[in-house]
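Structure first, then comments.
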Amino acid sequence: MKNYIPAFLFKNKHINTCYPTLFRKVHVDYSRERIVTPDNDFLDIDWVKNNNNKLLILCHGLEGSSESPYMKGMAKYYSALGWDILAMNYRGCSGELNKQPIFYNCGFTQDLEYLIEINSHYDKIALSGFSLGANIILKYLGERKKYPKNLLCAAVVSPPMDMEACSKRIKSFSNALYKTKFLKSLKEKVIEKNKLYPGIYRNAVNLKRFSMVSELDEFDDIFTAPIHGYLDAHEYYEKNSSLFLLDNIKIPTYILTPLDDPIMANSCYPYEKCNKNEFLTFETPEYGGHVGFSKLNDDAYWHEEKISEFFEVCESEEKSLLKDFSQLNSSPKIDFALRP
């Protein structure tokens, strides 16, 4: 498949990142199911079912949902290719606050694990995630000593594998739009959740400092870390960054991260680690933005088609083909100081 060659407009990484959110319209007929989790919370998941024998589980990014354009684009494209689709909505992301004091976080793999477990009747399951959801998938794969027999492969886009470094990068002036959008949504949810659990939140979270939070790492230090049992943001990032688990992944996994992704830190391009692990295929096209790969027409986006090629190779069960796919993505010599 040819490389992603964007229209001139999309050579700007921020336009490429924002365009799908603002202008991409994808129609998908989801059917919703509410699942009770083992800890007596709930998950709202959205299905596209066609009685297929293989399932694609989709994981969204920070403050996204099954309605995010990149999720619906994948759901539409892959349901037409013969997959059933399960589009996750993390706790608190389906339009209704979840029941437990906790939310989701960048390393919360329990719900993904549970969904894979209860769908063991499928012959094949593939995973695909975006941004935070991509990190969750990589962490899930890296912390498992044994995989379900029907778990075929995974493909992820723009995983912030080094969460601490990415939290620093998003502080830059050029990323202010993303930071502001995420913080507004997250803080609103915490304010609403505090009404349900005032005692717990008062004891676990510094609510006075919370009102003054202006950075994502501050939010994670004051809220995300303590409410999920971590000492501070540093411990939370360190224990949930998939970068430190890449060596452990033993299932075919495709990682796609554009070089011009405005949110990725340089440490999120671990060429050496990926080259040493035969199960990892790491591709870094010049353009794409953050979960962008935008185009002006309504056709499938480049990353959707590219991932399907990887899935086809994995389904073929020919290891030689998988190796050939990996060799398409040899490590380029990049001067990170000049990275776009």
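What follows is calculated from the coordinates using simple rules that are stated; it is not laboratory data. Bear in mind that the values here come from a model prediction, so they are computed numbers and not experimental data. Note that each Cβ is placed from the backbone with ideal geometry, even for glycine, and that neighbours are counted across all protein chains shown.
If you take volume of the Cα convex hull per residue in Å³ from the coordinates, which of (i) 158; (ii) 131; (iii) 201 do you get?
(ii)
Determine the dipole magnitude for segment 125-196: charges of +1 sit on the beta-carbon of Lys and Arg, -1 on that of Asp and Glu, nothing else is charged, the reference point is the Cα centre, and the result goes in debye to the nearest 20. Can you show the working numbers first?
Details: 15 positive and 5 negative charges, 35 e Å.
In debye, rounded to 20, segment 125-196 gives about 160.
Have a look at THR109, ILE249, ILE170 and report the one farthest towards the positive end of the charge dipole of the chain, computed about the Cα centre with Cβ charges (Lys/Arg +1, Asp/Glu -1).
ILE170
Give the cysteines in the chain for which no other Cys Cβ lies under 4.7 Å away, or write none if there are none.
CYS18, CYS59, CYS93, CYS106, CYS166, CYS268, CYS274
State to the nearest 20 debye the size of the charge dipole of segment 1-87 about its Cα centre, where the only charges are +1 on K and R beta carbons and -1 on D and E beta carbons.
660 debye
Which order do peptides 208-216, 64-72 fall in by mean Cβ count within 10 Å, highest first?
By packing density, highest mean first, the sequence is 64-72, 208-216.
Which values of log₁₀ I(q)/I(0), to two decimal places, follow from the Debye formula for segment 159-288 at q = 0.12 Å⁻¹ with a uniform point scatterer at every Cα?
So the normalised log intensities are -0.56.
Starting with the highest mean, order 75-84, 122-131 by the number of other Cβ atoms within 10 Å, averaged over the residues of each peptide.
122-131, 75-84
Going by average Cβ density within 10 Å per residue, which order do the peptides 101-112, 292-303, 180-191 take, highest to lowest?
101-112, 292-303, 180-191
Rounded to whole Å, give me the distance from the Cα center of segment 276-319 to that of segment 81-132.
21 Å
Please report the spacing between the Cα centers of segment 1-64 and segment 217-239 in Å, no decimals.
For segment 1-64 versus segment 217-239, the Cα centre distance is 27 Å.
For the chain, what is the charge dipole size about the Cα centre, in debye to the nearest 20, if Lys and Arg each add +1 at the Cβ and Asp and Glu each add -1 at the Cβ?
580 debye
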